[in-house]
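Chemist: Following this message is one structure expressed as structure tokens.
The values are calculated or read from the model by the stated rules, or taken from the named source; none is laboratory data. Keep in mind that this is a model prediction, so the values were computed, not measured. Counting neighbours? That spans all protein chains shown, and the Cβs are built from the backbone with ideal geometry, glycine included. Ligands, DNA and RNA are excluded from the accessible area calculation, which covers all protein heavy atoms including side chains. Shrake-Rupley method; radii C 1.70, N 1.55, O 1.52, S 1.80 Å.
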Amino acid sequence: MDSINKKYSMFNFQTILFGKRTYRFVFHTAIVLLLCCLSSISASAQKDTTKKGTTIDITSSYKPVLRNAVKINFAASHLNADTSKPKMNYTVPAQNLFYSYQPISLKPLALQQDTSLELGLRNYLKLGFGNFSTPYASAGFSFGDGKTSLLNLYADYISSKGKIKYQDYSQLNLKGTGSYFTAKNEAYGAVNISQFDTYLYGYDHTLYNYKKDSIRNQYQDINLKAGIRNTKVGEFGIRYDPHVEVDIFTNKNRLSESSLILHAPVEKQFGDEFSLKVEAKADITSYTTKDLTSNVKINNNVFQVAPALAYASPIFSLNAGITPTWDNGKFVWLPNVYAEAHVKEKVFLIQAGWVGNYIKNTFRNLSAINPYLQTLASQTNTKEIEYYGGIKATIGKHFNFSAKAGWLSYTNFALFINDTAKDGKAFKTVYEAKGNNLRIHGDLSYINQDKFSLTTGLTLNGYTGFNNNGKAWNTVPMELTSSLRWWAFKQVMLKADFYAFGGGNYIDKGNVSRSFGGGTDLSAGMEFKVTKMFSAWLDVNNILNNKYARWHNYEVYGLNVLGGVRVNF
């Protein structure tokens, strides 16, 4: 044990002794190395610095590492249950085809032609013949693509010879309409040439014997029309439709009448509901007679300016305006106020109005009502003021009806009376200074697409307050019109028309007031489509063979039948 301790002690002593020496040696060596390095650096600093220095490239591997994504913790929560019952309202309009309905005046000697049936092709030729030596021809032609231009040409002719002496008539119509379309406008025009021949056969043939040419009324009418309207509303919201119309009307060897009519309507839209409308109109007529003892030349001019403010919404519309009018230099104000309110949208509507207008009693306009007139020695226009109210309604998907009641006040109302001072074959035109009329009108229609349509209209007139004339001569207190069109089969169309009127009053010889009876006229017809190009047609007019007289002494034809073929191409 002692030996071991001695050895261990000597080992430590030697280690310490040699350790100190070793430390000194290492220290001295480090100083020498440091001096050598400093000498080397100083020497290198004195070298040429323009030479490229030593570069050290350090290359190490890089591994991209994505950060740990932070997980979003959603706090789930239950939605509250919706216990309210949804209320869904649907407005489904009635699927009807609405046609403009206008009662057609009955002409005692005219056979009504059917122009409502179109078989789909653009050109057609319709030919036929009937009793009373009645040839009939009608044709229509269409040109253009309908996008940039369109031209339609029409022609028809009919004539008949009745059983009464000189109970003859003929009618020829030629018509052309055309349009040219641009991006924003449509330029349009029309030409209408017609000739209507009839005879004043309403006299006592046992007392008088006239040559046929001496009682002939040959009316010739040439009408020209042209205008331009915008098809798209521009950025200023203005609509316009100025047009001009020229009419030349003559009764051979008796009179001539020419008219120039200028229309300039403009409408400015303000938003979706308001608009300002202004319409200027000039109706200038020159009338000259040829068969009077003292022939006359008359100017009949009416000028109007009609400003109006209009409001329109889905449930209410209003037009509020006035119409300053100059009737042959005489100035009057005419009202132009009317409104419509929807009690239930597209189902029930209430309307009311206070409107006025002038009816120009030119020979052309009067002869369209009564073709058996004497030559006029003067022209006086009728002023009409109407207060009205009414309703319109749609019942279900197919029924529509309207009813309207109005109180009309007339100034210079035109009436027709037989010239009893002579043979009574012609009618004189007289005027009632003041008069009134309670007019009630209603119409009903049932329309099932284009397969079936039935329309009916009733008009009641109650004339009162006539002082210059004892009664409203040759007017009718009631008119009833009805029309039916039914495509019974794919190739067969059936049709029927009915017209009835109530009797009125006329003046007989000796200025005696008498009553004339009413009349009924029932017609029926059919058209059978043989092929796409050919069809056959048949019309039976005045089925009841009622030889009524709408105008005193002028009895109409009885039962007459007309049939033929139609070619579509």
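Chemist: Taking segment 199-224 as the search range and keeping residues that are among the hydroxyl-bearing types (S, T, Y) and free of Cβ contacts under 8 Å to residues at least 60 places away in the same chain, which one is nearest to K547 (Cα to Cα)?
Modeler: Y199
Chemist: Which one of the conditions (1) at pLDDT 95 or above; (2) over 30 Å from Q171 (Cβ atoms); (3) among the small types (G, A, S) does S367 fail to meet, given that it meets all the rest?
Modeler: Looking at each condition in turn, S367 falls short on (2).
Chemist: Okay, moving on. Take the conditions open to solvent by 70 Å² or more (accessible area, probe 1.4 Å), acidic (D, E) and part of a loop (DSSP other than H, G, I, E, B) and apply them to D145. Does it pass? Break it down stepwise before answering.
Modeler: Working: open to solvent by 70 Å² or more (accessible area, probe 1.4 Å): yes; acidic (D, E): yes; part of a loop (DSSP other than H, G, I, E, B): yes.
Criteria met by D145.
Chemist: Taking segment 168-178 on its own, how many of its residues are of a type in the set (S, T, N, Q) and either at pLDDT below 95 or within 26 Å of H552 (Cα to Cα) (or both)?
Modeler: Final tally of qualifying residues: 2.
Chemist: Enumerate the strands (runs of 3 or more DSSP E) found wholly within segment 412-531, keeping only those where 3 or more residues are at pLDDT 95 or above.
Modeler: 427-448, 452-464, 478-486, 492-501, 519-529
Chemist: Looking only at segment 491-538, count every residue that is open to solvent by 70 Å² or more (accessible area, probe 1.4 Å), over 26 Å from Y136 (Cα atoms) and of a type outside the set (G, A, S) and tell me the total.
Modeler: Count: 3.
Chemist: Tell me yes or no: at least one residue of segment 371-385 is open to solvent by less than 50 Å² (accessible area, probe 1.4 Å) and part of a helix (DSSP H, G or I).
Modeler: no
Chemist: What are the pairs with Cβ atoms under 6 angstrom where one residue, in segment 410-428, is under 21 Å from A368 (Cβ atoms) and the other, located anywhere, is among the basic types (K, R)? Sequence gap at least six, or different chains.
Modeler: Within 6 Å, the pairs are I417/K428; D419/K428.
Chemist: Across segment 390-416, what is the total count of residues that are aliphatic (A, V, I, L, M) and under 24 Å from V430 (Cβ atoms)?
Modeler: 3
Chemist: Moving to a separate point now. If we keep just the residues of segment 539-553 that are within 27 Å of S138 (Cα to Cα) and part of a strand (DSSP E or B), which is most open to solvent (accessible area, probe 1.4 Å)?
Modeler: Here the residue is V540.
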